[in-house]
Amino acid sequence: MHREQTGAAGEEVPVGPLAGFTVGVTAARRADELGALLRRRGAEVMHAPALRIVPLADDSELLAATKQLIDSAPDVVVATTAIGFRGWVEAADGWGLGDALLDRLREVRLLARGPKVRGAIRAAGLTEEWYPASESMAEVLERLLEEGVEGHRIAVQLHGEPLPGFVESLRAGGAEVVGVPVYRWMPPEDIGPVDRLLDATVARALDAVTFTSAPAAASLLDRAERRGMREELLDALRHDVLPACVGPVTALPLEAHDIPTSQPERFRLGPLVQLLTAELPGRVRPLPVAGRRLEIRGHAVVVDGELRTVPPAGMALLRALARRPGWVVARSELLRSLPGAGRDEHAVETAMARLRTALGSPKLIQTVVKRGYRLALDPSADTKYGGG
């Protein structure tokens, strides 16, 4: 954890572990909560809901499934999400079938995916038979198959999330499976934020993108395909921008494209943020420069534990120098690293002056007359910081 930075009024405040990094958030639900957790740790957040969740209160498919279960009781009902279970009961109420549905659910074996779903079941005045503390659908499946499902009717409350192998395994075991689709995933009404997130990812202006549902990940890939930039997106996520998924099911659409993902051990927003606070700073190699400890983060620099905001042109120059720390980089090469700089090498001098001012220590970057610039790397770099 870095020590502190100076606030606008001169007060010293802690430098968050994610300060200087920008994180994309694709979630439709609980995006505010995830964004707040990230900002609290210093990150800048770009929110672009990749999907919207549409309740199916007027949907004939959900109505038909509800009537079927009321008319002919299943042996088991599996509730997978709290919001989905509540939505089902609310939709049934809207059709005048609420009491009939609850009466039917009291008669069957009711399994919950985890503690949150259990809370929704209890709030409806029902009691679940069992739930796994792990919130793993694999554990629910294992229990059902061990008990034997041949000849049983099993209703599964769906919530847009893919349940790979779950329904297929039950049917292979001889069960009749009735899906209860409570919500449907739809593209966002405003696609603009998604396009901006895609552009920022491809430009490496983001350090990480978070995914909390598999449909959101699939939707982002689909939008990139429609814009003719899928390969660019895949390259960015494979090499430079960290894809952080809340769990293995969420990661499936990305891993199907050979994108390695990072996942917390516990599939929650809190552990997801903790994962980022460990991984993003861990991807930065500290450089011992002119007696200072320099960390080049996404859009800012940490100098001896103090966060320094650097303009985009300055960050481009600094990254070009840091690719070969201690080596002289010619002005012509630095000019090519500047976005939209044209051919005038004076642009390098202007951007360099602003960079030195932003860093607060001109000695970090040395001018080599008639040759270019170099980071003033300490000779003892490898021994001082163990090579990074």
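The values are calculated or read from the model by the stated rules, or taken from the named source; none is laboratory data. Just so we're clear, the structure is a prediction, and the values are computed from it rather than from any experiment. Virtual Cβ from ideal backbone geometry, glycine too; neighbours counted across all protein chains shown. Heavy atoms of the whole protein, side chains included, go into the accessibility calculation; ligands, DNA and RNA do not. Shrake-Rupley method; radii C 1.70, N 1.55, O 1.52, S 1.80 Å.
Table for the structure above
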quantity: Cα shape, the stretch 226-307, gyration tensor, a/c 1.5 rule; calculated: oblate
quantity: The stretch 45-152 shape via C-alpha gyration tensor axes, a/c threshold 1.5; calculated: oblate
quantity: Debye, to nearest 20: dipole size of the chain, +1 on Lys, Arg Cβ, -1 on Asp, Glu Cβ; calculated: 2220
quantity: Fraction of accessible area attributable to carbon and sulfur, the stretch 45-158 (%, probe 1.4 Å); calculated: 47
quantity: Folded to 0 to 90 degrees: helix 82-94 orientation relative to the chain principal axis, Cα; calculated: 50
quantity: Vicinal HN-Hα couplings computed from phi for the stretch 35-50 (Karplus, 6.51 cos²θ - 1.76 cosθ + 1.60; Hz; Gly/Pro x); calculated: x, 5, 4, 5, 5, 4, 9, x, 6, 8, 10, 10, 9, 9, x, 7
quantity: Length released on extending from residue 240 to residue 323, taking residue separation times 0.36 nm less the Cα-Cα span; calculated: 28.4 nm
quantity: Coil-residue GluC sites (Glu not before Pro) of the stretch 150-210, DSSP, other Cβ within 10 Å capped at 16; calculated: 150, 189
quantity: Sequence of 259, 191 from largest to smallest accessible area, 1.4 Å probe; calculated: 191, 259
quantity: Burial ranking of peptide ranges 356-364, 246-254 (average Cβ count within 10 Å, highest at the top); calculated: 246-254, 356-364
quantity: Computed over the stretch 118-203, Cα set: Rg, Dmax in Å; calculated: 18.1, 54
quantity: Calculated FRET value between residue 70 and residue 172, using beta carbons and R₀ = 30 Å, to 0.05; calculated: 0.60
quantity: The stretch 177-321 - percent of accessible surface contributed by carbon and sulfur, probe 1.4 Å; calculated: 48
quantity: Residues in the stretch 81-110 reached by a label modelled at residue 52 [backbone nitrogen below 14 Å; 7 Å Cα→Cβ]; calculated: none
quantity: Cβ charges +1 (Lys, Arg) and -1 (Asp, Glu), total dipole of the stretch 61-139, debye; calculated: 200
quantity: 10 Å binning of all Cα-Cα separations within the stretch 317-363, expressed as whole percents from 0 upward; calculated: 27, 58, 15
quantity: Listed peptides 119-131, 267-279 by packing density, highest first (mean Cβ within 10 Å); calculated: 267-279, 119-131
quantity: Dipole of the chain [Lys/Arg +1, Asp/Glu -1 at C-beta], most positive-end residue of 65, 130, 347; calculated: 347
quantity: Three-way shape label, the stretch 207-361, alpha-carbon gyration tensor, a/c 1.5; calculated: oblate
quantity: C-alpha center-to-center spacing [the stretch 31-108, the stretch 292-340] in angstrom; calculated: 48
quantity: Kirkwood-Stokes translational diffusion coefficient of the chain, alpha-carbon pairs, 37 °C, 0.692 mPa s, µm²/s; calculated: 137
